[in-house]
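Asker: Sharing a structure, written as structure tokens. Questions coming.
The values are calculated or read from the model by the stated rules, or taken from the named source; none is laboratory data. In this text the structure is predicted, and so the values were computed from the model without any measurement. FYI the Cβ positions are ideal-geometry reconstructions off the backbone, even for glycines, and counts take in every protein chain you see.
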Amino acid sequence: MSDRTLRVALWAPVPPPMGGIARWTMQYLEAAPRHGLDLRLVNVAPPTDEFSEDSSFRWDRARHAGSCVAQLAGLVARRNVDVVHLTTSLFWGTAREATALALCRTMRVPALLHIRGSNQYIAWRQGLPAWKRRGLDATLRAADTVLVLSQELQDYLSAEVSGVRVERIGNFVADPELAQGHAVLPPRSKLRVLFVGAVTPLKGVGELARAVLGLPQCELVLVGAPAPALDAAAERALHAALADLRATGRLVEMGALPPDRTLAAYREADVFCLPTYREGLPNVLLEAMVAALPAVVTPVGAIPEVVHPDLAEIVPVGDVGSLQAAIGRLAADPARRKDLGQRARQSALARFGVDGVIEQYVALYRRLSEGVDEAKP
């Protein structure tokens with residue numbers, strides 16, 4: 001087994017929309033062949049071009065889930081895969097993943113469930129009615145391994161869900177060769193603060209806009225598409241904050257950019273900010289670190305496992321004053337910006353380099369595929 005190519009059914013989204021998991025998928029598909037992996041993609045991206053915070057049941061999602069399960073069934077029925085790697089954001093997709101796991105168990109193909117988040121799932125599970133929590137826990141137990149991004153979620157699931165095997169592997173980041181070509185962003189007028197991601201209240205974009213509003217030496221660059229929010233009041237507050245900053249001429253809204261132009265945007269910025277309320281292990285933070293951008297972040301999900309005060313400015317969630325002060329300190333100190341950025345780059349490449357992380361996936365796949373007879377009754 002260890003001397004031949006591993007065939008892996010990868011249950012994961014690809015763009016559109018271009019979210020963090022889809023970016024991971026595209027990078028994984030590109031890098032996998034040099035690690036002896038043959039990835040067979042089952043594209044579980046939602047049938048829409050837009051990102052949304054809404055994770056409720058919809059019939060179009062149910063129909064698409066059915067087609068994904070049918071595609072996976074064809075792969076495992078023909079014995080065309082050695083391992084199934086299911087990525088998940090849980091929530092409404094839990095039933096879809098439960099169906100896929102049941103199929104894998106029936107066909108005696110080992111499967112891992114890769115949870116692409118952290119603190120949001122702890123709060124969600126705690127708030128579920130008892131019967132729904134039992135269903136979620138049964139889904140987790142159906143996987144041969146549950147793979148998580150953060151120590152926080154690993155500790156929680158190990159303590160709260162009996163009979164589940166939990167392992168942790170972080171995200172990976174590539175070190176692209178960025179050509180010094182045409183600028184992606186418009187000509188700069190101020191120190192540039194960059195945000196990359198879905199423009200939603202849960203990413204802290206409203207707080208970031210208010211923080212930059214009080215820093216006349218700074219402008220805010222948003223790379224990412226706006227998305228409907230679950231909380232109407234929070235969405236109104238976000239729009240108001242953006243309107244106030246837009247009126248000053250210090251808001252640059254780029255919308256969603258393709259990966260190469262997003263990477264170029266890091267090169268053209270001065271500070272990266274991710275003041276998010278919930279997170280797994282954000283690819284955008286790793287990308288900013290590799291670009292040697294100093295970062296201001298909140299300590300949620302796996303972020304505290306990625307950076308500490310010697311690698312980034314860390315501020316409390318939802319605290320506009322602390323966020324503004326942290327950006328202001330970096331704006332006033334070019335030497336500190338350079339020092340933080342260089343140390344962050346070295347740390348990201350050493351700990352989250354793409355080849356090292358994929359080799360951890362390979363080792364896990366081999367353990368699962370070689371132990372399938374023991375793992376499943």
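Asker: Right, residue 189: at pLDDT below 95 and among the hydroxyl-bearing types (Ser, Thr, Tyr) or not? Don't jump to the end; show me each part of the working.
Answerer: Details: at pLDDT below 95: yes; among the hydroxyl-bearing types (Ser, Thr, Tyr): yes.
Yes; evaluated as a whole, the condition is true for this residue.
Asker: Just checking, how many residues over segment 68-88 are of a type in the set (Gly, Ala, Ser) and either modelled with pLDDT under 95 or in a loop (DSSP other than H, G, I, E, B) (or both)? Break it down into steps so the answer makes sense when it comes.
Answerer: If we filter segment 68-88 for residues that are of a type in the set (Gly, Ala, Ser), which is where we start, we get 70, 73-74, 77.
Adding the requirement that they be either modelled with pLDDT under 95 or in a loop (DSSP other than H, G, I, E, B) (or both) leaves 77.
Number satisfying all stated conditions: 1.
Asker: Now for a different question. State whether the residues of segment 193-207 include one that is more than 17 Å from the chain's Cα centre (by Cα) and farther than 26 Å from residue 172 by Cα.
Answerer: Residues of segment 193-207 more than 17 Å from the chain's Cα centre (by Cα): 193-194, 206-207.
Remaining after also requiring farther than 26 Å from residue 172 by Cα: 206-207.
Checking segment 193-207: at least one residue is more than 17 Å from the chain's Cα centre (by Cα) and farther than 26 Å from residue 172 by Cα.
Asker: When you go through 134, 61 one by one, which is the residue that is of a type outside the set (Asp, Glu), at pLDDT 95 or above and more than 29 Å from residue 370 (Cβ to Cβ)?
Answerer: Values: 61 fails: at pLDDT 95 or above.
Of 134, 61, the one residue that is of a type outside the set (Asp, Glu), at pLDDT 95 or above and more than 29 Å from residue 370 (Cβ to Cβ) is 134.
Asker: Here is a further query. Looking at segment 89-116 only, could you name the residues that are within 18 Å of the chain's Cα centre (by Cα), at negative phi and at pLDDT below 95?
Answerer: 89, 92, 93, 94, 116, listed by residue number.
Asker: Do we have residue 276 as closer than 29 Å to residue 151 by Cβ and touching an Asp or Glu at 6+ places or on another chain (Cβ under 6 Å) here?
Answerer: no
Asker: Still on this structure, please answer the following. What tally of residues in segment 329-338 results from selecting those that are surrounded by fewer than 17 Cβ atoms within 10 Å (Cβ to Cβ) and more than 15 Å from residue 291 (Cβ to Cβ)?
Answerer: The total comes to 6.
Asker: Follow-up. So residue 305 clears everything in (1) touching a helix residue (DSSP H, G or I) at 6+ places or on another chain (Cβ under 7 Å); (2) of a type in the set (D, E, K, R); (3) free of Cβ contacts under 8 Å to residues at least 24 places away in the same chain except one condition, right? Which one?
Answerer: (3)
Asker: Follow-up question, since we're still on this one. With the checklist (1) surrounded by 19 or more Cβ atoms within 10 Å (Cβ to Cβ); (2) part of a helix (DSSP H, G or I) in hand, flag the one item residue 234 doesn't pass.
Answerer: Residue 234 satisfies all of (1) surrounded by 19 or more Cβ atoms within 10 Å (Cβ to Cβ); (2) part of a helix (DSSP H, G or I) except (1).
Asker: Okay, moving on. Can you name the number of the only condition in (1) within 17 Å of residue 89 (Cβ to Cβ); (2) in a helix (DSSP H, G or I) that residue 131 fails?
Answerer: (1)
Asker: Take the residues in segment 266-293 that are among the aliphatic types (A, V, I, L, M) and part of a helix (DSSP H, G or I); name whichever of them is nearest to the chain's Cα centre (by Cα). Talk me through it step by step, then tell me what you get.
Answerer: Pass one, segment 266-293, residues among the aliphatic types (A, V, I, L, M): 269, 271, 274, 281, 284-286, 288-293.
Filter once more, keeping what is part of a helix (DSSP H, G or I): 284-286, 288-290.
Values: 284: 8, 285: 10, 286: 10, 288: 14, 289: 15, 290: 16 Å.
The extreme case among them is 284.
Asker: Can I ask one more? Looking for whichever is in contact with a Phe, Trp or Tyr (Cβ under 9 Å, 6 or more places away or on another chain), more than 21 Å from residue 117 (Cβ to Cβ) and either touching a residue at least 60 places away in the same chain (Cβ under 8 Å) or in the same structural domain as residue 136 (by TED's automatic domain parsing) (or both) here; the options are 212, 193. Which one fits? Don't jump to the end; show me each part of the working.
Answerer: On the way: 212 fails: in contact with a Phe, Trp or Tyr (Cβ under 9 Å, 6 or more places away or on another chain).
Testing whether each residue is in contact with a Phe, Trp or Tyr (Cβ under 9 Å, 6 or more places away or on another chain), more than 21 Å from residue 117 (Cβ to Cβ) and either touching a residue at least 60 places away in the same chain (Cβ under 8 Å) or in the same structural domain as residue 136 (by TED's automatic domain parsing) (or both) leaves just 193.
Asker: Further question on the same structure: Quick check, is residue 147 touching a His at 6+ places or on another chain (Cβ under 6 Å) and touching a residue at least 24 places away in the same chain (Cβ under 8 Å)? So that I can check it myself, show each step before the final result.
Answerer: Details: touching a His at 6+ places or on another chain (Cβ under 6 Å): yes; touching a residue at least 24 places away in the same chain (Cβ under 8 Å): yes.
Yes.
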